[in-house]
Amino acid sequence: MYPPRLIEHFQNPRNVGELAPPAITVEVANPACGDILRLSVRFADGRAAEVRYKVRGCTASIAAGSALTEWIAGKTRGELAAFDTALIDEAVGGLPAASKHAAVLCADGVKKLLEMKI
């Protein structure tokens, strides 16, 4: 049902946890399915220096959060603004149609992160 890369991110998630201030922490939820993504990013020299996440949700959302942290690492705010759900879909090897909400949750997290002042 799930592609191997998605399963690998789910079984061995990267960057799990939370960062203390001065990191920026945002939380977004998908009201339709109830999944919640908490994303913490510490910026240094205009780039995402450290990234952590926590997800309460399905297999796809956990894997997507892991892939998202890898994608965010080292990016500038301008690069983050170019985020598209297709990036997560590709990073996990393809999300099944019923799990596309996981990429949307990631997009909502990046959007909310960009609304915060650094």
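Which value at 222 nm does the chain reach when only helices count, each DSSP H run of 4 or more adding -39,500 (n - 2.57), with the total divided by all residues and rounded to the nearest 500 deg cm²/dmol?
The helix-only estimate for the chain comes to -12000 deg cm²/dmol at 222 nm.
Separation between the THR76 and ARG47 pseudo-spin-labels, each 7 Å from Cα along Cα→Cβ, expressed in nm?
My value for the distance between the label points is 1.1 nm.
Mind checking segment 1-109 for chymotrypsin sites (Phe, Trp or Tyr not before Pro) that DSSP puts in a loop (not H, G, I, E or B) and that have at most 16 other Cβ atoms within 10 Å?
none
What number comes out for the charge environment of GLU90, summing +1 per Lys or Arg and -1 per Asp or Glu over other residues with Cβ under 10 Å away?
-1
Tell me the relative contact order for segment 4-115 as a rounded percent, counting alpha carbon contacts under 8 Å between residues six or more apart.
30 percent
Which semi-axes, in whole Å and largest first, does the equivalent ellipsoid of segment 4-115 have when worked out from the alpha carbon gyration tensor as the square roots of 5 times its eigenvalues?
With the √(5λ) rule applied to segment 4-115, the semi-axes are 21, 14, 13 Å.
On a full-extension model of 0.36 nm per residue, what is the gain between VAL16 and ALA29, subtracting their alpha-carbon distance, rounded to one decimal in nm?
Roughly 2.9 nm would be gained on extension.
Which ³J(HN,Hα) values, rounded to whole Hz and listed in residue order, are derived for segment 44-52 from phi using the Karplus coefficients 6.51, -1.76 and 1.60 in 6.51 cos²θ - 1.76 cosθ + 1.60 with θ = phi - 60°, glycine and proline given as x?
Computed from phi, the couplings for segment 44-52 are 9, 6, x, 10, 6, 7, 9, 9, 9 Hz.
Express in nm, to one decimal, how much length is gained between ASP84 and LYS100 on full extension, taking 0.36 nm for each residue of separation and deducting their alpha carbon distance.
Using 0.36 nm per residue and subtracting the Cα-Cα distance, I get 4.5 nm.
Just how far, in whole angstrom, is segment 73-118 from segment 41-63 if you go by their alpha carbon centroids?
10 Å
Using a Gaussian network model of the chain with C-alpha springs under 10 Å, which one of GLU50, GLU27, GLU90 is most mobile by mean-square fluctuation?
With Cα springs under 10 Å in the chain, the top fluctuation among GLU50, GLU27, GLU90 is at GLU90.
None of the figures in this text is laboratory data; all of them are computed from the coordinates on show. Nothing here was measured: the structure is a model prediction, and the numbers come from that model. Cβ coordinates were reconstructed from backbone atoms using ideal geometry, including for glycine residues, and neighbour counts include every protein chain displayed.
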